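Here the structure comes first, spelled out in structure tokens, and everything after it is commentary.
The values are calculated or read from the model by the stated rules, or taken from the named source; none is laboratory data. What you are looking at is a predicted structure, and each value in this text was computed from that prediction instead of being measured. Cβ coordinates were reconstructed from backbone atoms using ideal geometry, including for glycine residues, and neighbour counts include every protein chain displayed.
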Ligand code: CAA
């Protein structure tokens, strides 16, 4: 039985900031962001576009675009580090938003940028065990990546959600159920204390931890893991696109056994297996747990890799845990390119001035308030389905939920 991703969709906030504008305002050489980090734009979520809104909108899209009957969904798993409540999971809001059946399981997974990968793994095992009884799982990655104004992490922010339907009828990508490399170690590279909406990070150390985790996952996967050059595409967690270059270099040197300077062969391998699928990450910025799946969506929408192509997926969650998985593109996957393409969403975006961006980032939000209202129109948003309207007696209010 093949198990994997049957359908995918993403939702991106309506506003974005140009990294050149940010570099100019911060007095930083533009090339540091455009070449040093390889970032171009980053999506900025308004208060009306919280993690529930982003997730529900992506989830509704995936069911509609791939004609999936909501009654076929028997599990909803949301991966996020941007939860809206210490107790109540976003998955339950989604369950109502999509009018799913009640004999369904629903939960949220938190582990920095790893939550959705844990959800995907769980969904594959749930189906393989037979417990799904023919049902499909909806796995959604949703995050708002924030470090705050004038921090080192500022150019590596972003926001967005990626929704996947996982089933035993994958139309896009099948996953090897048992060929996995895993790694966990307690490190303080990135964290967000309960009272904060902005993450704290030891940035350079976090890069070191990420690469150590990747090497350990390659080791743990063992001899059945294909050689890096045998993959048609290598997808990595993408906090900023340059990280994927560092990761690919590390992946190759873990096999070749040296940490030598970048060679032509390494550059060619990166240009073929990694770089082509970073265009959405470059436009949207860091979507934390969804970022490796944004790269997957980019690959699928381009349809350049032949049917049956082999793909590696490396997911890293600070703190830290990581996994390396192997997937195979399903025959005919490129037929779905149009349904996957978020070009219309990107084209409809509004570029913020840096003054508008700073105002938005300084918005105090609803944290800790019993009653609070936000007005989507004030941010140039129509009050569409699932937009967040604020709190009443500590209860979150959404259009249509
Ligand atoms: N022209 C061209 N390149 C330039 C340049 C210029 N004028 N100035 C600097 N650069 C290059 C640097 O050489 C460097 O490239 P290399 O790493 O390839 O050498 C790059 O631009 C960045 O420069 P710095 O390292 O000096 O930048 P920084 O100290 O301001 O911080 C950062 C960079 C650590 C990534 C920071 O943005 C940060 O803390 N980000 C958040 C943490 C993060 O993303 N960690 C990633 C791993 S953890 C993870 O993946 C989980 C997650 O999602 C958060």
In the stretch 74-109, residues that are more than 19 Å from residue 398 (Cα to Cα), touching a residue at least 12 places away in the same chain (Cβ under 8 Å) and over 21 Å from the mean Cα position of the chain (by Cα) total 5
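Per-residue answers, yes or no, for (1) more than 10 Å from the ligand (Cβ to nearest atom); (2) touching a strand residue (DSSP E or B) at 6+ places or on another chain (Cβ under 6 Å):
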site	(1), (2)
168	yes, no
171	yes, yes
174	yes, yes
177	yes, no
184	yes, yes
190	no, yes
203	no, no
207	no, no
210	no, yes
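Which one is nearest to residue 57 (Cα to Cα) among residues in the stretch 332-362 that are part of a loop (DSSP other than H, G, I, E, B) and under 24 Å from the mean Cα position of the chain (by Cα)? Working first, answer last.
Looking only at the stretch 332-362, we keep the residues that are part of a loop (DSSP other than H, G, I, E, B), and these are 332, 341-342, 348-349, 352-353.
Then drop every residue that is not under 24 Å from the mean Cα position of the chain (by Cα), which leaves 341-342, 348-349, 352.
On the way: 341: 15, 342: 13, 348: 16, 349: 16, 352: 22 Å.
Among them, the one singled out is 342.
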Those residues of the stretch 119-134 which are within 22 Å of the chain's Cα centre (by Cα) and more than 13 Å from residue 177 (Cα to Cα) amount to 119
Those residues of the stretch 23-70 that are more than 12 Å from the ligand (Cβ to nearest atom), outside any loop (DSSP other than H, G, I, E, B), closer than 22 Å to residue 148 by Cβ and out of contact with any strand residue (DSSP E or B) (no Cβ under 7 Å at 6 or more places or on another chain) come to a total of 2
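Yes or no, residue by residue, for (1) assigned to a strand (DSSP E or B); (2) away from the ligand (no atom under 15 Å from the Cβ); (3) out of contact with any strand residue (DSSP E or B) (no Cβ under 8 Å at 6 or more places or on another chain):
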| residue | (1), (2), (3) |
| --- | --- |
| 120 | no, yes, no |
| 125 | no, yes, no |
| 133 | no, yes, no |
| 139 | yes, yes, no |
| 142 | yes, no, no |
| 150 | no, no, yes |
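Select from the stretch 178-211 the residues that are part of a helix (DSSP H, G or I), in contact (Cβ under 8 Å) with a residue 60 or more places away in the chain and touching a helix residue (DSSP H, G or I) at 6+ places or on another chain (Cβ under 8 Å) and list them in ascending order. Break it down into steps so the answer makes sense when it comes.
Residues of the stretch 178-211 part of a helix (DSSP H, G or I): 203-211.
Still in the list and also in contact (Cβ under 8 Å) with a residue 60 or more places away in the chain: 206, 209-210.
210 - this is the single residue of the stretch 178-211 that is part of a helix (DSSP H, G or I), in contact (Cβ under 8 Å) with a residue 60 or more places away in the chain and touching a helix residue (DSSP H, G or I) at 6+ places or on another chain (Cβ under 8 Å).
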Scanning the stretch 92-118 residue by residue, the ones that are farther than 18 Å from residue 72 by Cβ and part of a strand (DSSP E or B) total 5
Selection over the stretch 75-102 where residues are touching a strand residue (DSSP E or B) at 6+ places or on another chain (Cβ under 7 Å) and more than 17 Å from residue 391 (Cβ to Cβ) yields a count of 12
- Take residue 294 and decide whether it is under 23 Å from residue 171 (Cβ atoms), part of a helix (DSSP H, G or I), in contact (Cβ under 8 Å) with a residue 40 or more places away in the chain and touching a strand residue (DSSP E or B) at 6+ places or on another chain (Cβ under 8 Å). yes
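Please work out if residue 144 is out of contact with any helix residue (DSSP H, G or I) (no Cβ under 7 Å at 6 or more places or on another chain) and surrounded by 20 or more Cβ atoms within 10 Å (Cβ to Cβ).
Values: out of contact with any helix residue (DSSP H, G or I) (no Cβ under 7 Å at 6 or more places or on another chain): no; surrounded by 20 or more Cβ atoms within 10 Å (Cβ to Cβ): yes.
Criteria not met by residue 144.
Is it fair to say residue 254 is at pLDDT 95 or above and assigned to a helix (DSSP H, G or I)?
Answer is no for this residue.
Restricting to the stretch 297-310, name every residue that is touching a helix residue (DSSP H, G or I) at 6+ places or on another chain (Cβ under 8 Å) and either touching a residue at least 60 places away in the same chain (Cβ under 8 Å) or assigned to a loop (DSSP other than H, G, I, E, B) (or both).
If we filter the stretch 297-310 for residues that are touching a helix residue (DSSP H, G or I) at 6+ places or on another chain (Cβ under 8 Å), which is where we start, we get 297-305, 307, 310.
Of everything in the stretch 297-310, those that are touching a helix residue (DSSP H, G or I) at 6+ places or on another chain (Cβ under 8 Å) and either touching a residue at least 60 places away in the same chain (Cβ under 8 Å) or assigned to a loop (DSSP other than H, G, I, E, B) (or both) turn out to be 297, 299, 300, 303, 304, 305, 307, 310.
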How many residues of the stretch 212-241 are assigned to a helix (DSSP H, G or I), within 16 Å of the ligand (Cβ to nearest atom) and surrounded by 19 or more Cβ atoms within 10 Å (Cβ to Cβ)? The answer is 4
